[in-house]
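Note sheet for the following structure.
The values are calculated or read from the model by the stated rules, or taken from the named source; none is laboratory data. Since the model is a prediction, treat every value here as computed from it, not as a measurement. For neighbour counting, all protein chains shown are included, and Cβ atoms are generated from backbone atoms with ideal geometry for every residue, glycine included. Calculation scope for accessible area: heavy atoms of the full protein, side chains included, ligands and nucleic acids excluded. Shrake-Rupley method; radii C 1.70, N 1.55, O 1.52, S 1.80 Å.
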Amino acid sequence: MLRKSKVPRSRRDEIEHLFQDHADGKTTLSASGLLRFLHQEQKEFLADEDTAEALIDRYEIETAAIESRSMTFEGFFRYMESKDCCVFDQAHTSVYQDMDQPLSSYFISSSHNTYLTRGQLVGESHLHGYVSALKKGCRCVEIDCWDGLDMEPVVYHGYTLTSKILFKEVIEIVSQHAFEVSAFPLILSLENHCCEEQQEVVAQYLISILGDKLLRSTLDNPTNGDLPSPNDLKYKILIKNKKLKSQSKAKDKREAEEGADEGEGSDEEEEEDDEEDKESEGHQAKGKFWSPRKEGSQKKKKKVKVAQALSDLVIYTRSVKFVSFRHSEDNQTSYENTSIAEKRARKLMKASGKDFVQHTQRFLCRIYPAGSRIYSSNYNPQEFWNVGAQLVALNFQTLGLPMDLNNGRFLDNGGCGYVLKPAVLLHRERSFDPNSSQHHRFTPTNLMIRVMYGSNLPSLEPGKALNPFVRVEVHGIPSDSRTKNTHTVKNNSLSPHWNAEMNFRIRVPELCLIRFSVHDQNTLFKSEFVGQYTLPFTSLKKGYRWVPLLSKDGCSLDPASLFVWVWYSQKQPSKVASKYRV
């Protein structure tokens, strides 16, 4: 409803006005009044009397109110500040999606150079990288395997000054933490540079340490045809690597020696196909121009031979070289997957987004950061989710917008690391190009967000109040992506009031992420990050909601939060705005 009264000074004042509007002049809110609030304001149309009474039992503490099946303002305030009124749909904090589709039908949380804690040239390799990624729900970790002393394979970024850790210890830590957060399959993406003898050691460690967790043979009855589903592979670890073809032992040996089955060697090798990456791959190290291909040129000319023991452990995730979409269509099987460097993937996406989408409808596709990102920076993962790429690999150790988006994407579906791709990316009979300006067949969704208040925003300097403003971003296909800011409130960290309305017109909302961020305006052209929260559009709750804020490293800044009003529909905002409190 539209209210002409004086604007409240705080979030508590606003909530009290809401309470009074639905209490019909009484000191308590009846169950029927609460139900009316849920329907009219919160758009929770499935709520019934039992829902309202359950909320009274959960948040009311006064005995008289409970007995009369009503709620005092304090009880209502507790409810409005609870997770039941969070902007993120609490039904999505558990696995709720169909987990019986082929693996290719899901976005899969994926890490790049998982062992690194900093940059790619001199950063430290540490087991904590795997623990951290797995605890964030990551379901595809990368392990760069190299020959070590005394037949002990090591993990590090080859031909650099990054430190080394033992492969054995990596597998031990992976085995320990593999399924702490998610029961769904974990993929070990091996970048294999070992000699045949040390590959045998790698295979022995995988078998002895992972035990029954390691998938060693195809399933008898997968749910769907092409690839097994996440449910089929629960509590299983898959090895992603090259695999020998099995027509004959003689042919296997010839393929291994000649490199006929070119799968995933190193990211740098894959990037040789991209002229732009060829030029940018050089790095500055030890005061000299450095390139992994130059320093290891003699070794890289000789293809890595694939040991039979390791090849036998590759079941559904066999790495093959990407040539073209047509080549994949004609030659690639559903059990084979490709890795594409970000720059080449971006060129392919812009040249033929429709073909890219059709490719990812059938095959697993991994995208990884360019080798020129020597400080382990990240690209924006949204552009590759837009074409359905499943394994969009990021440097989890590098904080910022890309990881905020990744965390927001995989906040969905219980944080299990698997999110079912929207129908627009799955229907093979329909063509979809995210970069096309022609999306007329999609009826636009109108999203309206009113950023009302902030509460308890953390100061960046002790004793100094913020000059905060809020930025709301929509990340989706290019034509849907927009950013809007509120005005700046001076010297108010405790309860800044914006009451700023923002409208977005979105064609493909099921692909979109919504990001709220708070910034401290230092000067006219400079601001500092304070906190953020990112969630999928499909998890966005309507009505009066609070937005929790997270720090740059993803930790809760509780009690810091925003108070917003959210509405979205395919109707025009002008036709409905007068019905709601705006």
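Just to check your reading of the model, which residue among Ser132, Ser104 is among the polar types (S, T, N, Q) and in contact with a Lys or Arg (Cβ under 9 Å, 6 or more places away or on another chain)? Let's see the steps before the verdict.
On the way: Ser132 fails: in contact with a Lys or Arg (Cβ under 9 Å, 6 or more places away or on another chain).
After ruling out the rest, the residue left standing is Ser104.
Looking at (1) within 30 Å of Gly543 (Cβ to Cβ); (2) of a type in the set (Phe, Trp, Tyr); (3) surrounded by 18 or more Cβ atoms within 10 Å (Cβ to Cβ), which is the only condition Tyr115 fails?
So Tyr115 meets the others, but not (1).
Regarding the range 340-352, can at least one residue be identified that is at pLDDT 95 or above and under 21 Å from Leu188 (Cβ atoms)?
yes
Pick from Val170, Val141, Val174: which is within 15 Å of Phe396 (Cα to Cα) and either in contact with a helix residue (DSSP H, G or I) (Cβ under 9 Å, 6 or more places away or on another chain) or not in a loop (DSSP other than H, G, I, E, B) (or both)? Lay out the reasoning, then the answer.
On the way: Val170 fails: within 15 Å of Phe396 (Cα to Cα); Val174 fails: within 15 Å of Phe396 (Cα to Cα).
Of the residues listed, the single one that is within 15 Å of Phe396 (Cα to Cα) and either in contact with a helix residue (DSSP H, G or I) (Cβ under 9 Å, 6 or more places away or on another chain) or not in a loop (DSSP other than H, G, I, E, B) (or both) is Val141.
With assigned to a helix (DSSP H, G or I), touching a strand residue (DSSP E or B) at 6+ places or on another chain (Cβ under 6 Å) and either open to solvent by 10 Å² or more (accessible area, probe 1.4 Å) or not polar (S, T, N, Q) (or both) as the only criterion, which of Phe396, Phe384, Phe356 stands out? So that I can check it myself, show each step before the final result.
Details: Phe396 fails: assigned to a helix (DSSP H, G or I); Phe356 fails: touching a strand residue (DSSP E or B) at 6+ places or on another chain (Cβ under 6 Å).
None of the other options fit; the residue is Phe384.
In the range 465-479, what residues are out of contact with any Ser or Thr (no Cβ under 8 Å at 6 or more places or on another chain) and open to solvent by less than 20 Å² (accessible area, probe 1.4 Å)?
Taking the range 465-479 and keeping what is out of contact with any Ser or Thr (no Cβ under 8 Å at 6 or more places or on another chain), we get 476-478.
Selection gives Gly476, Ile477.
If you scan the range 17-31, which residues turn out to be among the polar types (S, T, N, Q) and either at pLDDT 95 or above or closer than 14 Å to Ile66 by Cα (or both)? Show your work before the answer.
If we filter the range 17-31 for residues that are among the polar types (S, T, N, Q), which is where we start, we get 20, 27-28, 30.
Matches in the range 17-31: Thr27, Thr28, Ser30.
Is it the case that Gln120 is open to solvent by less than 70 Å² (accessible area, probe 1.4 Å), assigned to a loop (DSSP other than H, G, I, E, B) and under 30 Å from Met448 (Cα atoms)?
On the way: open to solvent by less than 70 Å² (accessible area, probe 1.4 Å): yes; assigned to a loop (DSSP other than H, G, I, E, B): yes; under 30 Å from Met448 (Cα atoms): no.
So Gln120 does not fit the description; no.
Could you go through the range 480-491 and let me know if any residue there is surrounded by fewer than 19 Cβ atoms within 10 Å (Cβ to Cβ) and closer than 30 Å to Ala47 by Cβ.
Step one: filter the range 480-491 for residues surrounded by fewer than 19 Cβ atoms within 10 Å (Cβ to Cβ), giving 481-485, 487-488, 490-491.
Next cut, closer than 30 Å to Ala47 by Cβ only: none.
Checked the range 480-491: no residue is surrounded by fewer than 19 Cβ atoms within 10 Å (Cβ to Cβ) and closer than 30 Å to Ala47 by Cβ.
So which residues in the range 208-222 are without any contact (Cβ under 8 Å) to a residue 12 or more places away in the chain, outside any helix (DSSP H, G or I) and not acidic (Asp, Glu)?
Of everything in the range 208-222, those that are without any contact (Cβ under 8 Å) to a residue 12 or more places away in the chain, outside any helix (DSSP H, G or I) and not acidic (Asp, Glu) turn out to be Asn221, Pro222.
Cβ-Cβ under 7 Å, sequence separation 6+ or interchain: first residue in the range 520-542 and in contact (Cβ under 8 Å) with a residue 40 or more places away in the chain and farther than 30 Å from Glu510 by Cα, partner part of a loop (DSSP other than H, G, I, E, B) and open to solvent by 10 Å² or more (accessible area, probe 1.4 Å). Which pairs?
Asp520/Leu460; Asp520/Asn467; Gln521/Asn467; Gln521/Thr488; Glu528/Leu460
With the requirement that a residue be over 20 Å from the mean Cα position of the chain (by Cα), over 17 Å from Phe469 (Cα atoms) and open to solvent by 40 Å² or more (accessible area, probe 1.4 Å), what does the range 504-539 give you?
Matches in the range 504-539: Arg505, Arg507.
Which one of these is touching a Leu at 6+ places or on another chain (Cβ under 7 Å), of a type outside the set (S, T, N, Q) and under 17 Å from Ala389 (Cα atoms): Pro458, Pro422?
Pro422
Go through the range 218-241 and report how many residues are open to solvent by 10 Å² or more (accessible area, probe 1.4 Å), over 20 Å from Glu180 (Cα atoms) and at pLDDT 95 or above. Working first, answer last.
In the first step, residues of the range 218-241 are kept if they are open to solvent by 10 Å² or more (accessible area, probe 1.4 Å); the result is 218-226, 231-232, 234-236.
Checking which are over 20 Å from Glu180 (Cα atoms) leaves us with 218-226.
After this cut, where a residue has to be at pLDDT 95 or above as well, the list is none.
Qualifying residue count for the region: 0.
I want to confirm something. Restricting to the range 138-157 and keeping residues that are in contact (Cβ under 8 Å) with a residue 40 or more places away in the chain and open to solvent by 10 Å² or more (accessible area, probe 1.4 Å), which single residue is nearest to Asn192 (Cα to Cα)? Give the derivation first.
Narrowing the range 138-157 to residues in contact (Cβ under 8 Å) with a residue 40 or more places away in the chain: 138-148, 151-153, 155-157.
Restricting the remaining residues to those that are open to solvent by 10 Å² or more (accessible area, probe 1.4 Å) gives 146-148, 151-152, 156-157.
Working: Trp146: 7, Asp147: 10, Gly148: 13, Met151: 15, Glu152: 14, Tyr156: 11, His157: 11 Å.
Checked the range 138-157; the qualifying residue nearest to Asn192 (Cα to Cα) is Trp146.
Identify, by number, the condition in (1) open to solvent by 10 Å² or more (accessible area, probe 1.4 Å); (2) farther than 24 Å from Arg118 by Cα that Ala345 doesn't meet.
(1)
For the range 473-489, how many residues meet the condition of being touching a Gly at 6+ places or on another chain (Cβ under 9 Å) and farther than 19 Å from Gln438 by Cα?
The number of residues fulfilling the criteria is 1.
Condition (residue is small (Gly, Ala, Ser), surrounded by fewer than 20 Cβ atoms within 10 Å (Cβ to Cβ) and over 25 Å from the mean Cα position of the chain (by Cα)) applied to the range 432-454: is it met by at least one residue? Even if it seems obvious, please write down each step before you answer.
At the first step, the residues of the range 432-454 found to be small (Gly, Ala, Ser) are 436-437, 454.
Filter once more, so that each one left must be surrounded by fewer than 20 Cβ atoms within 10 Å (Cβ to Cβ): 436-437.
Among the residues that remain, those that are also over 25 Å from the mean Cα position of the chain (by Cα) are: 437.
Yes.
Are there any strands (runs of 3 or more DSSP E) wholly within the range 457-566 with 2 or more residues that are among the small types (Gly, Ala, Ser), and if so which? Don't jump to the end; show me each part of the working.
Working: elements: 468-475, 482-485, 497-506, 513-523, 526-536, 543-550.
Counting at least 2 such residues, we get 526-536.
Identify all residues within the range 501-536 that are out of contact with any strand residue (DSSP E or B) (no Cβ under 9 Å at 6 or more places or on another chain) and among the basic types (Lys, Arg); write none if there are none.
Answer for the range 501-536, where residues must be out of contact with any strand residue (DSSP E or B) (no Cβ under 9 Å at 6 or more places or on another chain) and among the basic types (Lys, Arg): just Lys526.
Test of understanding: among Ile187, Ile171, which residue is within 27 Å of Val122 (Cα to Cα), touching a residue at least 60 places away in the same chain (Cβ under 8 Å) and crowded, with 22+ Cβ neighbours inside 10 Å?
Ile187
Run Val304 past the list (1) open to solvent by 30 Å² or more (accessible area, probe 1.4 Å); (2) in contact with a strand residue (DSSP E or B) (Cβ under 8 Å, 6 or more places away or on another chain); (3) at pLDDT 95 or above and report the number of the one that doesn't hold.
If we test Val304 against (1) open to solvent by 30 Å² or more (accessible area, probe 1.4 Å); (2) in contact with a strand residue (DSSP E or B) (Cβ under 8 Å, 6 or more places away or on another chain); (3) at pLDDT 95 or above, just (3) comes out false.
Between residues in the range 437-463 that are more than 30 Å from Val424 (Cα to Cα) and among the β-branched types (Val, Ile, Thr) and residues that are surrounded by 19 or more Cβ atoms within 10 Å (Cβ to Cβ) and at pLDDT 95 or above, which pairs lie under 6 Å by C-beta distance while being six or more apart or on different chains?
Val451/Val470; Val451/Thr486; Val451/Trp498; Val451/Val564
Out of the range 347-404, which residues are under 23 Å from Arg318 (Cβ atoms), of a type in the set (D, E, K, R) and more than 17 Å from the chain's Cα centre (by Cα)?
Listed by number, the residues that qualify are Asp355, Arg362.
Any residue in the range 430-445 that is closer than 26 Å to Val387 by Cα, assigned to a strand (DSSP E or B) and modelled with pLDDT of 95 or more? Step through it out loud before you land on a result.
Pass one, the range 430-445, residues closer than 26 Å to Val387 by Cα: 430-445.
The next check asks that each one be assigned to a strand (DSSP E or B); those that pass are 445.
Cutting the leftovers down to modelled with pLDDT of 95 or more gives us 445.
Within the range 430-445, one or more residues are closer than 26 Å to Val387 by Cα, assigned to a strand (DSSP E or B) and modelled with pLDDT of 95 or more.
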